[in-house]
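Let me begin by presenting the structure, written as C-alpha cells, before commenting on it.
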Amino acid sequence: MRPLIFHLCVVIVILSLFSSCKQTEKEKTFVVGISKCSDDPWRKAMLLDLQVKATDYPRMKLDIKEADEDNEKQIAQIRSFIKKKVDLIIISLNESAPITPVAVEAYRAGIPTIIMDRKINSDEYTAFIGADNYEIGRSAGLFVNSLLKDKTTILEIWGREGSSSARERHEGFIGTLTGHKNITLREVKGWWHYKDTKDLVAAMGSFDDIDIVYAHNDMMALAAREAIQEKDPQAASRIRFIGIDGLPGPGQGVDAVSKGSLRLLLFIRQEGRLRSKLPGRY
C-alpha cells in the first residue's frame, strides 16, 4: 500500500505548490475533497496514511466524506465539492457507471480529479491510482491452474459487480482457465463483505464438490472458510482458499496466511501505480 500512498502524496504536494504560486496577497488553505465509497479496512488504512502525511503540510485541509456504499450519496458529496470549488478531489468510487458522470463533471469544472482504486468509464480525469486488477486475477488463475485435477469445481466469490476491480479480477482469472474443459465455476456475490459472504456460503448447504475458493478480497475468503468450517470441517481442510489484498493486522489476510487459513494471498494493493491523464487540464 505504501507506494500507492506515496504517489498520492506526491500529487497533492505538486498541486499544493502549483496552487501556492497563484497566491498574491496571503497564503491560501489548500482544500482536498476526499470522497470514499466505504469504511472498509483497506480504505481506513489508506485514509490514515493520508491524514498522517497531510500533517506535514499545515496549509492543507482534508474534507472527507464517506458514501456508505450508496451511489446517490456519493454523487451528492462530489457535487458538494464541486460547488465549494475545492482545490483537488480524490474519488474512491463505489460503482463505475453511476459515478462516472459526476467525476467527469468535476474534471470539466477545472478541478484536478484523482480516481482511486476503481476506475470510471471515461478518460476525463487527472490521474488514476490503483492496481492492475486484471493482472492480479490472471495471477490467481495461473496459480489455480497448478492445482487443477481432472474435474475441478471452483467457487468464485465476487466483490461488488458494478466495480471495475471486481470485473477485472474476474476477467483476468477466467482468461487463464478457458482452455480447461473439466472446470465447473460457481459464483457467490459477496459485495466485498465478510457477513454477506459468510451467510451466502453457509446457505449453500453442501460443499462436497468444491475444490477451490477464489475470493476477490481477503475478508470474503476468510468468511467462506469460516462458513464451511462451521458446517463441514473436513471440507474446510480439503478446499484451497485464495484471497486478494494482503491487509496486515490481527484477523486480516496476512495473519490468515501465517496461520494457514488461506493458501494464497495476493498482495495487489502494494502494486499501486500512478497513471496521469491529460495533466494540462489543471
Exercise for the section: Could you tell me whether residue 144 is over 23 Å from residue 67 (Cα atoms), open to solvent by less than 50 Å² (accessible area, probe 1.4 Å) and of a type in the set (Val, Ile, Thr)? Expected result: yes
Handout entry: Qualifying residue in the range 186-197 (condition: farther than 24 Å from residue 132 by Cα, assigned to a loop (DSSP other than H, G, I, E, B) and not hydroxyl-bearing (Ser, Thr, Tyr))
Key = no
Problem - Search result, residues across the range 72-111 that are among the small types (Gly, Ala, Ser), open to solvent by less than 60 Å² (accessible area, probe 1.4 Å) and under 21 Å from the mean Cα position of the chain (by Cα) - result: 92, 96, 103
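Determine if the range 252-263 includes at least one residue that is surrounded by 14 or more Cβ atoms within 10 Å (Cβ to Cβ) and at pLDDT 55 or above. Break it down stepwise before answering.
Within the range 252-263, the subset surrounded by 14 or more Cβ atoms within 10 Å (Cβ to Cβ) is 252-257, 261-263.
From the residues that got through so far, the ones that are at pLDDT 55 or above too are 252.
Checking the range 252-263: at least one residue is surrounded by 14 or more Cβ atoms within 10 Å (Cβ to Cβ) and at pLDDT 55 or above.
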Exercise for the section: For the range 47-95, name all the residues that are small (Gly, Ala, Ser) and modelled with pLDDT of 95 or more. Expected result: 76, 80
Practice task
Would you please name the residue that is nearest to residue 243 (Cα to Cα), looking only at residues in the range 161-178 that are open to solvent by 70 Å² or more (accessible area, probe 1.4 Å) and outside any helix (DSSP H, G or I)?
Solution key: 161
Problem - Residue in the range 112-119 that is open to solvent by less than 20 Å² (accessible area, probe 1.4 Å), more than 19 Å from the chain's Cα centre (by Cα) and within 25 Å of residue 73 (Cβ to Cβ) present - result: yes
Fill in the blank from the handout: The condition from (1) modelled with pLDDT under 90; (2) part of a loop (DSSP other than H, G, I, E, B); (3) surrounded by fewer than 21 Cβ atoms within 10 Å (Cβ to Cβ) that residue 247 misses is numbered (3)
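Out of the range 96-154, which residues are part of a helix (DSSP H, G or I) and of a type in the set (A, V, I, L, M)? Reasoning before the result, please.
At the first step, the residues of the range 96-154 found to be part of a helix (DSSP H, G or I) are 96-108, 133-145.
Those that are part of a helix (DSSP H, G or I) and of a type in the set (A, V, I, L, M): 97, 99, 102, 103, 104, 106, 136, 140, 142, 144.
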Handout entry: Among (1) within 27 Å of residue 36 (Cα to Cα); (2) open to solvent by less than 30 Å² (accessible area, probe 1.4 Å); (3) in contact (Cβ under 8 Å) with a residue 60 or more places away in the chain; (4) touching a His at 6+ places or on another chain (Cβ under 9 Å), the one test that residue 158 misses
Key = (3)
Handout entry: Set 123, 132, 150: member being under 15 Å from the mean Cα position of the chain (by Cα) and open to solvent by 10 Å² or more (accessible area, probe 1.4 Å)
Key = 132
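The values are calculated or read from the model by the stated rules, or taken from the named source; none is laboratory data. If you're wondering where the values come from, they're calculated on a predicted model, not measured in any experiment. Ideal geometry is used to build each Cβ from the backbone, glycine not excepted, and the neighbour counts take in all protein chains shown. Just so you know, the surface numbers come from the protein's heavy atoms only, side chains and all, with ligands and any DNA or RNA stripped out. Shrake-Rupley method; radii C 1.70, N 1.55, O 1.52, S 1.80 Å.
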